[in-house]
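The structure appears right after this line, and notes come after that.
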Amino acid sequence: MINVHDPAWAAVAGVSRTILLAAPRSFCAGVERAIEVVDQLLAQREDPIYVRKQIVHNTHVVADLESRGAVFVDELDAVPQGATVVFSAHGVSPAVRTEAARRGLDVVDATCPLVAKVHAEAKRYAGRGDTVVLIGHAGHEEVEGTLGEAPSQTVLVESVEDVARVQVADPTRVSYLTQTTLSVDETADILTALRARFSQLKGPDSADICYATTNRQDALAAIASESDLVLVVGSTNSSNSVRLVELARRQGTPAYLLDDADGLRPAWLNDVRVIGLTAGASAPPRLVNGVIAALERLGPLEMVEREITRETIHFTLPTAVRPL
Ligand code: SF4
């Protein structure tokens, strides 16, 4: 919380600053849809609504839904037999679907359609006998879900260095997939290394990194080098938010991830005149406004928005929750 009577904040107050606002930023279509699924269920059903894992990777979104009655669980064994359970935007492995069916749960699937597309590719590639190289981060829920489509035929690659260690049954039958929220630049380097090793590598027409991840990275890349500081609103477990911080730092600009305005630190603002501001795809727009309002307390702010493209993508809700 900014307190201009605190000497540390007072030292960085009274300065005119410019905010370069990256656009697009904040919610993507998949996140809006997933939140709307839980919203609709809370409005339409009387029984408790369980959500497996965080519906999207944002502490504020989860706390808000929790305060309105959603019950977040880590695994299905915490959901009573026959209850309604929502699968998060990150998707689930077939084993989770089987377990839900075995326990008679009423599943409403909020998996982002762009994640579902990657699952379909995994099934197709594995079904034709390929080894599937999945580029992604170990332990991320989306990666666990995709790996689960063909676990014995899928290998995870996290870095260029990992490519040399990949073992495949037949080097002429290798396909690749990617997590949707990776760094576009780092993934391109990994793909170059994979193509050098497996000349017949097959995969999707373009990597599976989604439009929202790509747009947020491109929008930040357009302002990061002009900024003295970059602030990314998002939670620490949000992959695409963390990638934005890394991108700005690779461009040589100090960058920090913050959940909300309370995360601001006076030390970040020393000698800072131009602040690049963006938010990951799971961070609500109101939190960006909160950061701007907080910074306004430190002195005059000029706002400049740089929009590199306008997003018009919208995903329809699952039939089970469409309002009548
Ligand atoms: S970041 Fe991309 S893949 Fe993830 S929910 Fe948003 S649109 Fe879907």
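The values are calculated or read from the model by the stated rules, or taken from the named source; none is laboratory data. Predicted model only: the values in this text are computed from it and were never measured. Here the Cβ is made from the backbone with ideal geometry for all residues, glycine too, and neighbour counts use every protein chain on show.
Taken together, the residues in region 66-105 that are in a helix (DSSP H, G or I) and of a type in the set (F, W, Y) amount to 0.
Within region 120-139, the set of residues being in contact with a helix residue (DSSP H, G or I) (Cβ under 7 Å, 6 or more places away or on another chain) and surrounded by fewer than 20 Cβ atoms within 10 Å (Cβ to Cβ) comprises A126, H137. Before we move on, is N240 surrounded by 15 or more Cβ atoms within 10 Å (Cβ to Cβ), modelled with pLDDT under 95, closer than 24 Å to V56 by Cβ and not assigned by TED's automatic domain parsing to the domain that holds A126? Answer is yes for this residue. Just so you know, in region 144-172 the residues that are part of a loop (DSSP other than H, G, I, E, B) and surrounded by fewer than 16 Cβ atoms within 10 Å (Cβ to Cβ) include one that is nearest to the chain's Cα centre (by Cα), and it is S159. Quick one: S93 ticks every box in (1) more than 13 Å from the ligand (Cβ to nearest atom); (2) on the phi > 0 side of the Ramachandran plot bar one, so which box is it? S93 satisfies all of (1) more than 13 Å from the ligand (Cβ to nearest atom); (2) on the phi > 0 side of the Ramachandran plot except (2). If the condition is being part of a loop (DSSP other than H, G, I, E, B), closer than 15 Å to T59 by Cβ and out of contact with any strand residue (DSSP E or B) (no Cβ under 8 Å at 6 or more places or on another chain), then region 282-310 contributes S282, P284.
Restricting attention to region 16-32, does a residue exist that is more than 16 Å from the ligand (Cβ to nearest atom) and either part of a loop (DSSP other than H, G, I, E, B) or without any contact (Cβ under 8 Å) to a residue 12 or more places away in the chain (or both)? Yes.
Among the listed residues L194, L269, which satisfies the condition of being more than 16 Å from the ligand (Cβ to nearest atom) and more than 30 Å from V4 (Cβ to Cβ)?
Only one candidate qualifies: L194.
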